[in-house]
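Heads up, the thing below is written out as structure tokens.
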Amino acid sequence: MGTDTVRAQAADETAERRREQRGWYFYDWACSVYSTSVLTVFLGPYLTSVAKSAADADGFVHPLGVPVRAGSFFAYAVSLSVIVAVLAMPLVGAAADRTGRKKPLLAAAAYLGAAATTAMFFLDGDRYLLGGALLVLANAAQSVAMMLYNSYLPQIAPPEERDAVSSRGWALGYAAGALVLVANLVLYLAHDSFGVSESTAVRICLSSAGLWWGAFAIIPLRRLRDRRSPAREAALPRRGQLAATLRDMRRHPLTLAFLLAYLLYNDGIQTVISQASVYGSEELGLEQSTLIVAVLLVQVLAVAGALALGRLARRYGAQRTILGSLAAWTLTLGAGYFLPAGEPVWFFALAAGIGLVLGGSQALSRSLFSHLVPPGKEAEYFSAYELSDRGMSWLGPLLFGLTYQLTGSYRDAIISLVAFFVLGFVLLARVPVRQAIHDAGNPVPDRI
């Protein structure tokens with residue numbers, strides 16, 4: 001085979017890889033609108049108001065006969081959705097491993113979530129149980145779809161490209177979230193001009209996120225390719241592979257120590273994201289338009305913050321930069337406890353603080369973890385990472401909901417989340433990262 005032929009084949013492979021990567025980016029563009037518009041902005045306050053309209057004289061609803069304070073219902077529903085996702089992911093993963101056909105499973109999860117989100121248009125009156133069921137279905141489906149989506153990364157990008165490819169996906173997701181939130185803000189503020197009520201405007205914003213999700217999911221589903229797993233791996237049941245992965249991880253206790261620290265502080269991050277709008281509306285008495293602008297501010301500053309923390313990591317190392325971001329998270333939540341009610345400017349300041357540390361703390365954590373994965377086990381370890389992530393992220397909403405149920409105060413609920421960042425900080429600070437990288441069999445960077 002001549003040199004020109006080899007070069008032509010290499011060029012074709014690169015072009016095909018780039019095309020598949022561009023398709024992969026668009027799933028983030030498709031599904032991030034659900035995370036931003038539905039889970040972060042509209043559904044928490046709206047579902048809480050629906051639950052309150054169905055509550056008894058003492059402020060409790062009774063799903064399946066269990067007394068639940070109406071203000072805690074959304075947080076409990078988020079926790080339940082994560083538990084459902086954790087039960088579903090090993091089953092879906094087993095099917096993907098046996099067949100090597102991840103794309104049909106990704107399509108099924110994506111369109112199940114998109115359909116449930118679109119059906120939120122019918123959430124009105126006192127239909128809090130419908131809202132809770134649709135939230136559990138949509139959130140669990142999104143988690144399963146994200147697991148499958150992330151598992152494509154090692155297949156579509158060589159190691160030297162993965163940070164860049166992953167970051168572009170994150171950036172495109174933030175951009176989509178900001179774009180749709182602008183449209184949501186216009187509809188919400190001018191709902192009278194459009195001839196719809198405020199409640200109807202919110203329901204349109206919720207359902208439009210599902211339509212967006214389903215429409216743009218077509219792009220990655222057309223461009224991503226299924227790859228048959230090797231027979232040895234395909235024959236291995238998912239639970240067997242997970243057990244083998246966990247046994248292998250026990251040989252790398254420092255990698256496990258980092259993972260535990262990440263799971264704790266990331267649980268805090270995810271809970272702040274999902275519950276901040278409830279805190280703003282219920283405790284601080286802020287208008288929905290204020291919450292939308294605040295989330296827009298978070299979206300924009302998250303991009304800038306990720307870039308800034310990336311530069312700090314190059315100078316001070318990823319571990320120190322993450323530790324600094326966790327300290328910033330703790331201070332931000334502490335300040336949030338003392339925010340005066342009815343003062344949007346202070347809530348915007350809180351949003352700015354969250355935005356500046358949000359993207360960077362997550363992006364650097366994933367990057368740092370990639371150094372702790374033994375060579376040749378990237379997909380296996382990141383699969384366990386994703387499953388463990390979803391497995392732990394119900395604790396924050398549960399703590400938030402329980403604290404509010406016991407105290408009746410959202411301020412106490414929001415400050416309770418500091419525990420995740422403090423414990424995560426302590427555990428991460430105790431991990432000797434250089435030794436962990438060396439023990440994993442990877443070259444130790446000059447600065448980490």
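Checked against the criterion of being closer than 22 Å to residue 181 by Cα, out of contact with any Pro (no Cβ under 9 Å at 6 or more places or on another chain), hydrophobic (A, V, I, L, M, F, W, C) and in contact (Cβ under 8 Å) with a residue 40 or more places away in the chain, the candidates 284, 301 yield just one match: 301.
Scanning segment 409-448 for residues that are assigned to a loop (DSSP other than H, G, I, E, B), at pLDDT below 90 and more than 17 Å from residue 365 (Cβ to Cβ) gives 409, 441, 443, 444, 446. When residue 149 is tested against (1) closer than 24 Å to residue 292 by Cα; (2) of a type in the set (Phe, Trp, Tyr); (3) surrounded by 19 or more Cβ atoms within 10 Å (Cβ to Cβ), exactly one condition is not met: (1).
Look at segment 107-127: where a residue is over 22 Å from residue 93 (Cα atoms) and a partner is among the hydroxyl-bearing types (Ser, Thr, Tyr) and surrounded by fewer than 17 Cβ atoms within 10 Å (Cβ to Cβ), sitting 6+ places away or on another chain with Cβ atoms under 9 Å, you get 121/200; 124/199; 124/200; 125/53; 126/53. Looking across segment 290-306, the residues that are among the β-branched types (Val, Ile, Thr) and open to solvent by less than 30 Å² (accessible area, probe 1.4 Å) come down to 290, 292, 295, 298. Filtering segment 190-216 to residues that are open to solvent by 50 Å² or more (accessible area, probe 1.4 Å), of a type outside the set (S, T, N, Q) and more than 19 Å from the chain's Cα centre (by Cα) leaves 192, 194, 195, 198, 204, 211, 215. Restricting attention to segment 409-448, report how many residues are open to solvent by 40 Å² or more (accessible area, probe 1.4 Å) and among the small types (Gly, Ala, Ser). Qualifying residue count for the region: 3.
Applying the condition of being open to solvent by 30 Å² or more (accessible area, probe 1.4 Å) and part of a helix (DSSP H, G or I) to segment 329-347 and asking which residue is nearest to residue 284 (Cα to Cα) yields 344. With respect to (1) modelled with pLDDT of 75 or more; (2) under 26 Å from the mean Cα position of the chain (by Cα); (3) surrounded by fewer than 14 Cβ atoms within 10 Å (Cβ to Cβ), the lone exception for residue 255 is condition (3). Among the residues making up segment 78-117, those that are at pLDDT 90 or above, open to solvent by 40 Å² or more (accessible area, probe 1.4 Å) and not aliphatic (A, V, I, L, M) are 103, 104, 111. Within segment 416-436, residues that are under 15 Å from residue 318 (Cα atoms) have Cβ atoms under 6 Å from residues that are of a type in the set (Ser, Thr, Tyr) and at pLDDT 95 or above in no pair, counting only partners at least 6 apart in sequence or on another chain. There is at least one residue in segment 101-116 that is within 20 Å of the chain's Cα centre (by Cα), farther than 26 Å from residue 168 by Cα and in a helix (DSSP H, G or I).
For segment 37-72, a residue qualifies if it is within 16 Å of residue 130 (Cβ to Cβ), open to solvent by 20 Å² or more (accessible area, probe 1.4 Å), among the hydrophobic types (A, V, I, L, M, F, W, C) and part of a helix (DSSP H, G or I), and exactly one does: 64. For segment 307-328, residues that are of a type outside the set (A, V, I, L, M), modelled with pLDDT under 80 and open to solvent by 40 Å² or more (accessible area, probe 1.4 Å) total 2.
The values are calculated or read from the model by the stated rules, or taken from the named source; none is laboratory data. Being a predicted model, the structure only gives us computed values, none of them experimental. Quick reminder, even Gly has a Cβ in these numbers, built from the backbone with ideal geometry, and neighbours come from all protein chains shown. Surface areas here come from the heavy atoms of the whole protein model, side chains and all, with no ligands, DNA or RNA. Shrake-Rupley method; radii C 1.70, N 1.55, O 1.52, S 1.80 Å.
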